[in-house]
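Report on one structure; see the data block that follows.
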Amino acid sequence: MTLLKSLLRNRNAIFLLALAAGLAFPAITPVTRHMVLPALALAMTLSTMEIGNDLFRKPRALLFPTFLGIIMNYIILGNIIIGLAAFMIRDETIWTGFILLAAVPPAVAVIPFSGFLKGNGPLSLVGTVGAYLGGLAIMPLIAVGLLSSAAFDPLQLFMVTLELIVLPLCVSRILIREGWRERIAPYRGTVTNWSFFVVLYTLVGLNRNIILGQPSTLLPIVAISIFTMFVLGFLIDWIVSRFHLPRETRTSLVLLGTLKNQGMAGGIALTMFSQEAALPAAVSTMVMILYIIWLDFRKHWN
């Protein structure tokens, strides 16, 4: 029983279970697809409760880490995703999915991942928050600039952005102010992980037929996902090591430069476009699970 409880709280086990359930039992996805945005909003609210209000009281000290977060996640990672997709993807729907993936901010999981991978916590925290705040302007600009104006409603995208970034951040500030942070803390990680279970299960389940039956469609998406995590992560670490930066700082820069909020990209795709447009987010999440396991293994190996 203790082992079962431990597995039901383990992030990697929950994500692997979502992947397996989506491939084996996709019948519930017509219901869960309507739960994706609420689940994301809940996960974002709980995740951002790790960010104390004190962080916002010294804005000058936040400028450099904020710019680093934006540079790593948008200038470097975002442009590489767009460049590879332009070179390798011919399907308009899949292209839309990659543009959404490039447009979203870093994964909220950068913050806890930085903790267990022994990264630079303050840099990961401020870089992530800064990229989210910058994403309020960057996301619509990328979408409007690279997607057909007839394909989506920019106002709807703006509203979804508010729902998934601004609203959770505001609600988390209220919960912290009202003293709920400590009460929620024992359950926060588990609830967040199971919220992402709903998202990942839905993304995989809705695209099950393509994942299992259309390798020609799947392989370029897998290749881009592998390159933008494993290969790009190695290159970032190798380049910044030439500047003799501490391992902790290099780890945080690698996380900020390789992890996108796939759940948000998939949720926007399902809400505004189609289930096929969510395929890059689904595949990227599957690769991310292996990537994080690899980073954890490499940490012990080093």
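The values are calculated or read from the model by the stated rules, or taken from the named source; none is laboratory data. Only a predicted model underlies this, so the values are computations on that prediction, with no experimental measurement involved. Here the Cβ positions follow ideal geometry from the backbone for every residue, glycine too, while neighbour counts run over all protein chains shown.
Observations on the structure shown:
- Residue within the stretch 226-239 that is at pLDDT below 90 and under 29 Å from residue 165 (Cα atoms) present: no
- Filtering the stretch 160-181 to residues that are under 21 Å from residue 263 (Cβ atoms) and acidic (Asp, Glu) leaves only 163.
- Selection within the stretch 229-270: residues that are buried (at least 20 other Cβ atoms within 10 Å of the Cβ) and of a type in the set (S, T, N, Q). The member of this set that is nearest to residue 104 (Cα to Cα) is 261.
- Cβ-Cβ distances below 7 Å connect the following pairs, each with a first residue in the stretch 88-117 that is without any contact (Cβ under 8 Å) to a residue 60 or more places away in the chain and more than 20 Å from residue 72 (Cα to Cα), a second residue that is small (Gly, Ala, Ser) and part of a helix (DSSP H, G or I), and a separation of six or more residues or different chains: 95/85.
- All helices (runs of 4 or more DSSP H) inside the stretch 191-302 with 1 or more residues being in contact with a Pro (Cβ under 9 Å, 6 or more places away or on another chain): 208-213, 215-226, 247-256, 262-272
- The single condition among (1) over 21 Å from residue 78 (Cβ atoms); (2) modelled with pLDDT of 90 or more; (3) among the basic types (Lys, Arg) that residue 173 does not meet is (2).
- Among the conditions (1) closer than 19 Å to residue 173 by Cβ; (2) at pLDDT 80 or above; (3) in contact with a Pro (Cβ under 8 Å, 6 or more places away or on another chain), residue 69 misses just one, which is (1).
- Which numbered condition residue 189 fails, given (1) over 21 Å from the mean Cα position of the chain (by Cα); (2) modelled with pLDDT under 85: (1)
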